[in-house]
1. Using the Cβ atoms and a cut-off under 14 Å, what net charge is assigned to the surroundings of A21, where Lys and Arg are +1 and Asp and Glu are -1?
2. Could you report the accessible area of D244 in Å², rounded to 10, computed with a 1.4 Å probe on the protein chains as they sit in the structure?
3. Would you mind getting the accessible area per residue of the range 124-254, heavy atoms of the protein chains only, 1.4 Å probe, in Å²?
4. If you count the DSSP beta bridges with both ends in the chain, what percent of them are antiparallel, to the nearest 5?
5. Counting alpha carbon pairs within less than 8 Å and at least 6 residues apart, what relative contact order, in whole percent, applies to the range 77-191?
6. Could you please state how large a percent of the accessible area of the chain is carbon and sulfur, counting protein chains only and using a 1.4 Å probe?
7. In nm, what is the difference between 0.36 nm times the number of residues separating H165 and K225 and their Cα-Cα distance?
8. Each label point is 7 Å from the Cα along the Cα-to-Cβ direction; what then is the distance between the points at K131 and F156, in nm?
Amino acid sequence: MPLKKDFEESYPLSKKISRFAGEAIRDYSMIKAGDSILIGLSGGKDSLLLSLALAALRKRSPVKFTLRACLIDQSDGSMEPEKLTEYLALLDIPLTIITHPTYRIMKERGERSPCSLCANLRRGILAGAAKELGCGVIALGHHKDDAAETVLLNLFYGGRFKCFHPHLYMSRTKTRVIRPLIYVEERNIALEAERLKLPVVSSCCPYGDKSKRKDVKEKISALEKELPELKSNIIHALKNLKSDESWPPGMLNE
């Protein structure tokens, strides 16, 4: 009987991506011994590369943890997940598929903030799946660009300097959320996904080209022509924001 092909033969992850993921996991103490981690799979390049990085880490790390994945088909069943199923099977990551009529709901409601609603629905579905599957940790594929864009979205449209955290405990669901790709730029993820020929499933989101996030992404791209370290500087600011640099009410003593 032929031996099962090792996934690293088919998908040899670059040392750079592996190093950045390892640094983020170490810096924010993302993974602990005995963790059961549920990967939020979208079918896009980010979550596919996240799955590969965690599978590679599981193979080598002295800290033992388990992996599962959950794919939310928000198109209500029109997605074709066969290639994703094969990919996850090669990585030895059990896959659960949940169909949900997210896009139909947003269309029927004439939703004015579709991205926000979509994120909230995904968060709730993933939290429920994690509880049902016995996973105390949810891993998401957010990267450095997502963090920078979120900061500017909150700044431009919400008047707050705020971003999601790389490692967050959600007390309501008693679940931890981790983002191991937070130090990796989107362009490097795209290049790696192309090099490895990952089985990316195209997004069928009808709002992808009309979102505020897309506008902010384009603004960052334009600014980077003069400020190439912009995203790194935003991450640095998030990591080093001091309490005496904010403007609290009243008088601040020096």
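The values are calculated or read from the model by the stated rules, or taken from the named source; none is laboratory data. Since the structure is predicted, the reported quantities are computational estimates derived from the model, not experimental observations. Every residue, glycine among them, receives a Cβ derived from its backbone with ideal geometry; neighbour counts consider all protein chains shown. Keep in mind that these areas ignore ligands, DNA and RNA; they rest on the heavy atoms of the full protein, side chains included. Shrake-Rupley method; radii C 1.70, N 1.55, O 1.52, S 1.80 Å.
1. Numbers: positive: K15, K16, R19, R26, R58, K59, R60, K144, R179; negative: E23, D27, D46, E185, E192.
Taking every Cβ under 14 Å from that of A21, the sum is +4.
2. So the heavy atoms of D244 present about 100 Å² to solvent.
3. Numbers: 8260 Å² over 131 residues.
In whole numbers, the range 124-254 has 63 Å² accessible per residue.
4. Details: 4 of 21 bridges.
Percent antiparallel among DSSP bridges in the chain is about 20.
5. 22 percent
6. On the way: 8040 of 14940 Å².
Using a 1.4 Å probe with all protein chains present, the chain comes out at 54 percent carbon and sulfur.
7. Between H165 and K225, full extension yields 18.9 nm more.
8. With each label point 7 Å from Cα toward Cβ, the separation is 3.6 nm.
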